[in-house]
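Beneath this line is the structure, given in structure tokens, with notes to follow.
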Amino acid sequence: MSHKINNIGVLGAGRSAGYLIEYLGGYCGQTGRKLRVYDVQFARLKSSFQVADSVELLVAQLDNPETLEAIVADLDLVVSLLPPNMHAGVAEVCLRHNCHLFTASYTFTQMQVLGEEAKKKGLLFMNELGLDPGIDHLSASRLFDLAKARALKIESFESHCGGLVALDDCTDNPWKYKFTWNPTNVVLAGQGGESVWKENGQEQRVDGTLVFARARSMDVPGLGSFDVYPNRNSLTYETLYGLEDSMTLLRGTLRRKGFCRAWDLLVRCGFTESSQVGGWPTVGAWFESLTGFENSMDWAKSLATDPQTAGLDPYVSFLRLDEGVAGLVVDDKTSAQILEVILLDRWSLGSQDKDEVVMVHKLGLSDENGVPQTWFSVLQVLGEGGDRTAMAKTVGLPLAMGVETFLEGEASGLGAVVPFDKSWYLPILHKLENQGIVFKEYL
């Protein structure tokens with residue numbers, strides 16, 4: 001297989017691409033393959049990452065169908081770092097030109113349908129090979145196989161992940177949070193419908209607007225206490241993980257302690273509303289219409305004296321939402337869009353700040369005699385500062401290593417695949433460990 005795949009293309013050179021291009025560029029150089037990277041500009045990439053001389057950086061408008069068609073026609077394998085809503089179009093073009101495809105994004109129905117056609121043509125359409133989804137699948141699958149090898153029954157499984165900031169770099173910020181990824185996704189978190197999971201044998205459903213109010217606390221060995229709120233539909237993975245008999249299955253997002261209670265306040269006030277433009281003449285009018293107060297100071301005082309909101313005043317004082325930012329125009333925006341612009345200023349990641357990725361798996365197990373056990377597997381990755389973020393590393397490297405694993409003929413599967421199989425997780429986890437991405441396990 002490997003000798004037939006010589007031309008590899010990366011679509012997109014944004015925040016998640018740097019480590020992938022460094023790693024894959026080095027591998028392609030060693031094996032005599034060509035790596036081409038396509039995007040509209042590469043200044044950010046070249047300023048923070050080592051791009052091998054053999055890697056071609058080619059300017060292209062990837063949202064142009066004719067341009068995309070011409071690019072893929074000359075490739076054997078595509079790594080798409082484009083927005084998820086573009087992956088179906090990329091997959092269709094890959095089918096037409098007999099091209100393998102790798103993405104870090106969630107699998108969706110159309111991708112599964114296209115994957116059936118890809119399988120008939122001997123093509124691999126790999127999905128969910130980034131951080132979350134991605135590393136979580138690899139590490140969880142390894143734990144499941146280890147439990148089976150020890151004749152342990154999996155009674156419960158929780159998997160949580162958070163893109164955070166090193167505590168030393170947000171000491172004056174009560175939220176203990178800054179943007180390390182797509183800010184729109186953070187502001188609109190929970191608005192994709194119900195969150196669904198299984199707990200103590202019962203299916204649980206919570207409307208997205210209530211997930212922060214229903215957040216729970218979780219003690220992570222070695223790292224302390226975090227907030228956790230449920231992600232999407234955890235039960236999507238019940239069969240894929242082989243956990244039909246498990247009493248609990250929950251996938252969630254981690255935030256620092258106190259974040260979810262404060263964010264729920266913003267949700268309840270309407271700051272994250274995204275369905276309609278409000279038409280406010282000024283940022284002050286926007287703020288007052290949602291809080292009933294003219295400024296953040298008065299709002300904070302009111303929160304501090306109410307037992308239901310006591311302790312939230314430092315959070316709203318820090319954001320200073322009533323002040324807005326220079327040049328902010330509000331009359332043509334939704335409340336969520338206004339909030340995002342302000343938060344981009346308040347939660348900006350400084351050039352020397354280090355982001356942090358935390359992932360934790362918690363397994364409840366029982367042996368043949370019904371004696372319970374609890375396993376934890378914890379990953380903590382710190383960024384290097386600037387664009388060399390932990391998020392970019394943990395999204396980009398698994399994808400690059402998956403391509404390497406495939407080209408070396410180590411892994412199995414065709415069509416639309418998610419990396420649960422041992423032939424994927426063993427080599428990729430080993431490669432990640434060589435890059436310092438290591439789970440600390442409490443078994």
Which numbered condition Asp322 misses (of (1) in contact with an Asp or Glu (Cβ under 9 Å, 6 or more places away or on another chain); (2) over 19 Å from Arg268 (Cα atoms)):
(2)
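Here is a list: Leu129, Leu57, Leu77, Leu82. Which entry is touching a Cys at 6+ places or on another chain (Cβ under 7 Å) and buried (at least 16 other Cβ atoms within 10 Å of the Cβ)? Please lay out each step first, then the result.
Numbers: Leu129 fails: touching a Cys at 6+ places or on another chain (Cβ under 7 Å); Leu57 fails: touching a Cys at 6+ places or on another chain (Cβ under 7 Å); Leu82 fails: touching a Cys at 6+ places or on another chain (Cβ under 7 Å).
After applying the criteria, what remains is Leu77.
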Residues that are touching a Lys or Arg at 6+ places or on another chain (Cβ under 7 Å) and at pLDDT 95 or above, drawn from region 40-75
Glu56, Leu58
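Which of the residues belonging to region 13-33 are buried (at least 18 other Cβ atoms within 10 Å of the Cβ) and either part of a helix (DSSP H, G or I) or charged (D, E, K, R) (or both)?
Arg15, Gly18, Tyr19, Leu20, Ile21, Glu22, Tyr23, Leu24, Gly25, Tyr27, Cys28, Arg33
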Here's a check for you: in region 336-357, which residue that is of a type outside the set (Asp, Glu) and in contact with a Ser or Thr (Cβ under 7 Å, 6 or more places away or on another chain) is surrounded by the most Cβ atoms within 10 Å (Cβ to Cβ)?
Val357
Given the criteria in contact (Cβ under 8 Å) with a residue 12 or more places away in the chain, basic (Lys, Arg) and more than 30 Å from Phe439 (Cβ to Cβ), does Lys333 qualify?
yes
Close pairs from region 106-125: first exposed (fewer than 13 other Cβ atoms within 10 Å of the Cβ), partner among the small types (Gly, Ala, Ser) and part of a strand (DSSP E or B), Cβ under 7 Å, at least 6 apart
Glu116/Gly415
Being in a strand (DSSP E or B), within 21 Å of Leu138 (Cβ to Cβ), in contact (Cβ under 8 Å) with a residue 24 or more places away in the chain and of a type in the set (Lys, Arg), is that true of even one residue in region 246-259?
yes
Filtered residues of region 359-386 (kept if among the β-branched types (Val, Ile, Thr) and within 18 Å of the chain's Cα centre (by Cα))
Val360, Val378, Val381
Look at region 1-25 and say how many of its residues are over 18 Å from Gly386 (Cβ atoms), modelled with pLDDT under 95 and not polar (S, T, N, Q).
4
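Of the residues that make up region 406-416, is at least one part of a helix (DSSP H, G or I), farther than 21 Å from Gly162 by Cα and touching a Phe, Trp or Tyr at 6+ places or on another chain (Cβ under 9 Å)?
Restricting attention to region 406-416, the residues satisfying the condition of being part of a helix (DSSP H, G or I) are 406-407.
Checking the rest, the ones that are also farther than 21 Å from Gly162 by Cα come to 406-407.
With touching a Phe, Trp or Tyr at 6+ places or on another chain (Cβ under 9 Å) added as a condition, the list becomes 406-407.
Checking region 406-416: at least one residue is part of a helix (DSSP H, G or I), farther than 21 Å from Gly162 by Cα and touching a Phe, Trp or Tyr at 6+ places or on another chain (Cβ under 9 Å).
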Taking Ala118, is it more than 20 Å from the chain's Cα centre (by Cα) and within 27 Å of Val79 (Cβ to Cβ)?
yes
Test: residue in region 406-424 that is closer than 16 Å to Pro133 by Cβ, in contact with a Lys or Arg (Cβ under 9 Å, 6 or more places away or on another chain) and aromatic (Phe, Trp, Tyr)
no
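Yes/no per residue for (1) among the hydrophobic types (A, V, I, L, M, F, W, C); (2) more than 30 Å from Gln373 (Cβ to Cβ); (3) part of a loop (DSSP other than H, G, I, E, B):
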site	(1), (2), (3)
Lys46	no, yes, no
Ala52	yes, yes, yes
Leu58	yes, yes, no
Leu62	yes, yes, yes
Thr67	no, yes, no
Val78	yes, yes, no
Gly89	no, yes, no
Leu114	yes, yes, no
Arg142	no, no, no
Does region 155-178 hold any residues that are farther than 16 Å from Thr248 by Cα, within 18 Å of the chain's Cα centre (by Cα) and either surrounded by fewer than 20 Cβ atoms within 10 Å (Cβ to Cβ) or of a type in the set (Asp, Glu) (or both), and which are they?
Ala166
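Table: residues versus (1) farther than 20 Å from Ala140 by Cβ; (2) surrounded by 21 or more Cβ atoms within 10 Å (Cβ to Cβ); (3) not polar (S, T, N, Q).
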site: Met359; (1), (2), (3): no, yes, yes
site: Gln373; (1), (2), (3): no, no, no
site: Leu399; (1), (2), (3): no, yes, yes
site: Lys422; (1), (2), (3): no, no, yes
Can you work out which of the residues in region 259-283 that are more than 19 Å from Pro307 (Cα to Cα) and among the small types (Gly, Ala, Ser) is surrounded by the most Cβ atoms within 10 Å (Cβ to Cβ)?
Gly278
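The values are calculated or read from the model by the stated rules, or taken from the named source; none is laboratory data. Just so it is clear, the model here is predicted, and its values are computed rather than measured. Here the Cβ is made from the backbone with ideal geometry for all residues, glycine too, and neighbour counts use every protein chain on show.
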